[in-house]
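Trainee: Questions regarding the structure given below will be posed in turn.
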Amino acid sequence: MIKPNFRHIINGKRLATAIAQDYKTGEVLMVAFIDEEAFNKTIQTRKAHYYSTSRNMIWYKGEESGHIQEIKEVLLDCDEDAIIFKVKQVGGACHTGHYSCFYKKLSDDGKVVTEYEDKVFDPEDVYEK
């Protein structure tokens with residue numbers, strides 16, 4: 001099986017960049033890191049798993065919220081050190097309640113941030129405080 005080159009070393013862990021993209025619209029939903037174990041779990045289960053650098057552990061996307069990512073297609077870049085998961089997003093991808101983590105838009109002068117996407121869920125209803 002072809003696997004990403006886990007070239008990025010963070011906290012002593014070998015990682016690759018993972019991008020989750022809506023399989024129908026192409027919208028980028030989130031960017032995370034993935035290690036070999038998370039990659040293998042993702043391929044085996046067809047559900048997205050990532051590696052949290054802040055918690056130093058693998059996490060299953062949706063394990064707390066139920067907002068999972070069903071894998072539809074897996075793409076590797078030319079250097080094989082970045083991966084795109086084309087996913088069916090169930091609920092929102094972002095912990096803030098938005099469908100995508102990329103919901104902020106800068107104005108032309110770079111000073112004003114506009115939230116151009118409505119929330120799809122209330123994080124207070126999903127995550128414990």
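Trainee: Scan segment 113-126 and report the pairs whose first residue is of a type in the set (S, T, N, Q) and whose second residue is in a strand (DSSP E or B), with Cβ atoms within less than 7 Å and a gap of 6+ or a chain change.
Mentor: That search, which allows pairs on different chains as well, returns Thr114/Lys105.
Trainee: In this structure, does Ala93 turn out to be hydrophobic (A, V, I, L, M, F, W, C), at pLDDT 90 or above and over 20 Å from Arg7 (Cα atoms)?
Mentor: Criteria met by Ala93.
Trainee: Right, another one. Out of curiosity, is Lys105 among the charged types (D, E, K, R), in contact with a Ser or Thr (Cβ under 9 Å, 6 or more places away or on another chain) and surrounded by fewer than 14 Cβ atoms within 10 Å (Cβ to Cβ)?
Mentor: Considered against the rule, which asks whether it is among the charged types (D, E, K, R), in contact with a Ser or Thr (Cβ under 9 Å, 6 or more places away or on another chain) and surrounded by fewer than 14 Cβ atoms within 10 Å (Cβ to Cβ), Lys105 comes out as yes.
Trainee: For Phe33, indicate whether it is within 11 Å of the chain's Cα centre (by Cα) and either assigned to a strand (DSSP E or B) or over 23 Å from Pro123 (Cβ atoms) (or both). Lay out the reasoning, then the answer.
Mentor: Numbers: within 11 Å of the chain's Cα centre (by Cα): yes; either assigned to a strand (DSSP E or B) or over 23 Å from Pro123 (Cβ atoms) (or both): yes.
The answer is yes for Phe33.
Trainee: Any residue at all in segment 41-60 that's more than 14 Å from Lys3 (Cβ to Cβ), small (Gly, Ala, Ser) and outside any loop (DSSP other than H, G, I, E, B)?
Mentor: Among the residues of segment 41-60, at least one is more than 14 Å from Lys3 (Cβ to Cβ), small (Gly, Ala, Ser) and outside any loop (DSSP other than H, G, I, E, B), which makes the answer yes.
The values are calculated or read from the model by the stated rules, or taken from the named source; none is laboratory data. Quick caveat: nothing in here was measured; it's all calculated off a predicted structure. Backbone-built Cβ (ideal geometry, glycine too); neighbour counts: all protein chains shown.
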